[in-house]
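Report on the structure given below.
Every number in this text was worked out from the coordinates using simple rules, so none of it is lab data. Here the structure is a predicted model, which means the values were calculated and not measured. Here the Cβ positions follow ideal geometry from the backbone for every residue, glycine too, while neighbour counts run over all protein chains shown.
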Amino acid sequence: MNVFESNDPEEEVRSSFSAVAPRVESVRSNLAQAAAEVRRGTEQLMARARQQLPLAAERVQEGATTAAWVTFFAMVISLIAIGGAMVGRRQAARRVLQEDTRRTSVYR
């Protein structure tokens, strides 16, 4: 199994480090070679991250697009509700004024 076949990024990093650790341990008496092994393992991990970056960005973009549309529709519905409330308020105010006018004309 390839170190990078997992779908879990954390597991991929853990597996990559697990694969590099024995190579570094086997050459620990030679610091230059141990550093080279660490560098090689890190480069492999970074190459994999660069390779997966467009895919991750695409998934995030899809989610962001969906969220943006949901937010837009929620705002439109809110504006419609506010407009309805304003119309209803005006109609209620007219009715109150008409009733008030009728009552005052009865008392005169």
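Summary of values
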quantity	calculated
Helix 9-26 vs. the chain, principal-axis angle (Cα, 0 to 90°, nearest 10)	20 degrees
Where Rh is the Kirkwood radius over Cα pairs, Rg/Rh for the stretch 26-108	1.74
Built amide H within the under 5 Å cut-off of Val27, gap 5+	none
Sequence of Phe72, Phe17 once ranked by neighbouring C-beta atoms within 10 Å, starting from the fewest	Phe72, Phe17
Karplus-derived HN-Hα couplings along the stretch 36-48 (A = 6.51, B = -1.76, C = 1.60, θ = phi - 60°), whole Hz, x at Gly and Pro	5, 5, 4, 4, 4, x, 5, 4, 4, 5, 5, 4, 5
Length-normalised contact order of the chain in % [C-alpha pairs under 8 Å, at least 6 apart]	14 percent
Hz values of 3J(HN,Hα) by residue in the stretch 77-84 - Karplus curve (6.51, -1.76, 1.60), Gly and Pro given as x	4, 5, 5, 4, 5, 5, x, x
